[in-house]
1. If I filter region 184-203 for residues that are in contact with a Lys or Arg (Cβ under 7 Å, 6 or more places away or on another chain), among the hydroxyl-bearing types (Ser, Thr, Tyr) and not assigned by TED's automatic domain parsing to the domain that holds LEU152, do I get at least one hit?
2. Name the residues in region 245-285 that are in a helix (DSSP H, G or I) and over 25 Å from VAL181 (Cβ atoms), would you?
3. I'd like to verify a number: residues in region 208-232 that are surrounded by fewer than 22 Cβ atoms within 10 Å (Cβ to Cβ), under 26 Å from PRO261 (Cβ atoms) and modelled with pLDDT of 95 or more, how many?
4. Can you name the residue in region 189-207 that is free of Cβ contacts under 8 Å to residues at least 40 places away in the same chain and over 13 Å from VAL163 (Cα atoms) and is also surrounded by the most Cβ atoms within 10 Å (Cβ to Cβ) among such residues?
5. List the pairs whose first member sits in region 273-285 and is closer than 15 Å to SER18 by Cβ, whose second member is among the hydrophobic types (A, V, I, L, M, F, W, C) and at pLDDT below 95, and whose Cβ atoms are under 8 Å apart, counting only residues at least 6 apart or on separate chains?
6. Show the residue pairs meeting these rules: Cβ distance below 8 Å; 6+ apart or different chains; first residue within region 258-272 and under 21 Å from PRO223 (Cα atoms) and crowded, with 18+ Cβ neighbours inside 10 Å; second residue modelled with pLDDT of 95 or more and not hydrophobic (A, V, I, L, M, F, W, C).
7. Given the condition within 18 Å of the chain's Cα centre (by Cα) and not charged (D, E, K, R), answer yes or no: does some residue in region 124-138 qualify?
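The values are calculated or read from the model by the stated rules, or taken from the named source; none is laboratory data. Predicted, not measured: the structure shown is a model, and the values here were computed from it. Cβ: placed from backbone, ideal geometry, glycine included. Neighbour counts: every protein chain shown.
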Amino acid sequence: MATGSNHNQEITAQQRESLSKIKHVALDMDGTIYLGNTLFPFTKDFLAKMTDAGIGYSFLTNNPSKSVSDYLKKLAGLGIEADEENMYTTSLAAIDYIKTHYPQARKLFLLGTPSMVSQFEKAGYVSCADSPDDVPDVLVVAFDMTLEYSRLCRASWWASQGVPYIATNPDRVCPTDQKVVLVDCGSICKCIEHATGRCPDITLGKPDPNMLKGIVDRHGLKPDEIAMVGDRVYTDVAMARNAGAFGVLVLSGETTLDIIPESCPPDLIVRDIEELGELLLKHRK
């Protein structure tokens, strides 16, 4: 494992071999290509170099607070061109999961932002009201920056009543460039668990390997031909490991060198995607 974060870090023979196989880069978003609403200065150059080298890329995010169309608008506003094929969010993962495991479900109690709710409605689902009479088929709890206390209480009620319960992502906090802690889905679920004793039936998003499986299937790749790149060990790197992909940790977001757990070491640690791009181009077959 390379632990340096400078251009002269020592790369092992195994890392060289892994880097030479990469045909597609799966990029976490916040903390990897931008922080908050600020695009990293090297992001556009990295994407252009990947395209020139014939390496594809996708954007994956555990943050379900925006719909795919809103994420594409955000990327466009930052100067990044992308389409729906380039995006996979935990809202889409939840929709895919419900379609597969609860094919009869139509009514959902959604603890999420209006933008996220619109993604589910686009997929044909009905959002339940905050009422004891509007019984949902499935409870979906997400990263909700518009969280209302009454809706948190209603979600807890449905959890206590045994309604199928899906969490979109395990993140405790969302990275930000502001002086505030953004309480994320994992922490909201902990609140519901403390109140009701019930955990989600399944927690989607990274590190669940299904997010990468979608990219493997979409592009006809093998898992070891994908580099999963992100700023978190317990989501990004863990998903890479679970999916059999090459896990790259960037130090441009949440994680610092002194808090990397020995239990889940990345395959490679780099300062940022600029350094990763240099290594990918250097070690290409």
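1. Checking region 184-203: not a single residue is in contact with a Lys or Arg (Cβ under 7 Å, 6 or more places away or on another chain), among the hydroxyl-bearing types (Ser, Thr, Tyr) and not assigned by TED's automatic domain parsing to the domain that holds LEU152.
2. We begin by selecting, within region 245-285, every residue in a helix (DSSP H, G or I); these are 257-259, 273-282.
Across region 245-285, the qualifying residues are ILE273, GLU274, GLU275, LEU276, GLY277, GLU278, LEU279, LEU280, LEU281, LYS282.
3. Number of matching residues: 2.
4. Filtering region 189-207 down to residues free of Cβ contacts under 8 Å to residues at least 40 places away in the same chain leaves 190-191, 193-195, 197-199, 201, 203, 207.
Okay, now just the ones that are also over 13 Å from VAL163 (Cα atoms), so 190-191, 193-195, 197, 203, 207.
Working: LYS190: 13, CYS191: 15, GLU193: 14, HIS194: 9, ALA195: 15, GLY197: 9, THR203: 20, PRO207: 24.
Among those residues, the one meeting the criterion is PRO207.
5. LEU279/ILE11; HIS283/ILE11
6. PRO266/GLY247; ASP267/GLN15; ASP267/SER18; ASP267/GLY247; LEU268/GLN15; LEU268/SER18; LEU268/GLY247
7. No, that holds for no residue.
Yes/no per residue for (1) under 18 Å from the mean Cα position of the chain (by Cα); (2) of a type in the set (Val, Ile, Thr):
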| residue | (1), (2) |
| --- | --- |
| PHE143 | yes, no |
| LEU152 | no, no |
| ALA155 | no, no |
| ALA159 | no, no |
| PRO164 | no, no |
| LEU182 | yes, no |
| ILE188 | yes, yes |
